[in-house]
Amino acid sequence: MGGKYRITGDKYPRMRRPRRRGKLILAATASVVALGLAGWGTMQLIDVFTGGDRKASAADHETDCPSAKPSAPARVLPKPAKITVNVYNATPRSGLAKQAADELKKRGFTIGKVGNAPAAYDKKVPGPGVLLGAPSATNGSFPVLGTQLAGATPKTDARRTADVDLILGTKFKALSTPQAAATALAALTEPAPAPSC
């Protein structure tokens, strides 16, 4: 060979290595994927800041929203006239049972016995009062009568009658005001509000 490829002495012409197409294809594929991801990320950012497709997001939100479910039905409680209340005084102050019974009668309750508390409760009720009745009164009469005396403690006994005892305790000062009692009773009978999204 002549020219620059002529071999002279111990120098040989440099020949290029054969190109590997695999590396080129891999690099090209990686570039396309990187550009695609960058474009997709850019579109997501644009959607976030501009609101994107509001109709689609609202439709998806409605299916996941618990407010789409119907709310719980209103609670059915007995009317005050259907509840017979025995009023007992467990305090050393006289006349409290009669005063409380008269006030409850004005508010529509049926009054049964009125007097001093039995020995098991006499001067042994530290709070405002105790509601005592059959286990069935827990979800019926107790909530209604409890609106009349805030802080009263409900307790059940073995009786089979529907009457309820209101035993006035040492911290008893007065029954709840008629407005406060009516508001509390209305809150008990309202249906549970549907959760907001």
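One table, with the values for the structure above:
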read-out	value
Heavy-atom accessible area per residue - segment 103-164, 1.4 Å, Å²	54 Å²
³J(HN,Hα), Karplus 6.51/-1.76/1.60, whole Hz, each residue of segment 167-178, x for Gly, Pro	9, 7, x, 5, 8, 5, 10, 6, 6, 4, 5, x
Per-residue HN-Hα couplings for segment 132-149 [Karplus 6.51, -1.76, 1.60; θ = phi - 60°; Hz; x = Gly/Pro]	10, x, 5, x, 5, 6, 4, 9, x, 6, 4, x, 5, 5, x, 5, 7, 9
Built amide H within the under 5 Å cut-off of ASN116, gap 5+	ASN89
Residues whose placed amide H lies under 5 Å from that of ILE111, excluding near-sequence neighbours	VAL85
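The values are calculated or read from the model by the stated rules, or taken from the named source; none is laboratory data. From a predicted model like this one, the values you see are computed outputs, not experimental measurements. To get the accessible areas, we keep the full protein, side chains included, count just its heavy atoms, and leave off ligands, DNA and RNA. Shrake-Rupley method; radii C 1.70, N 1.55, O 1.52, S 1.80 Å.
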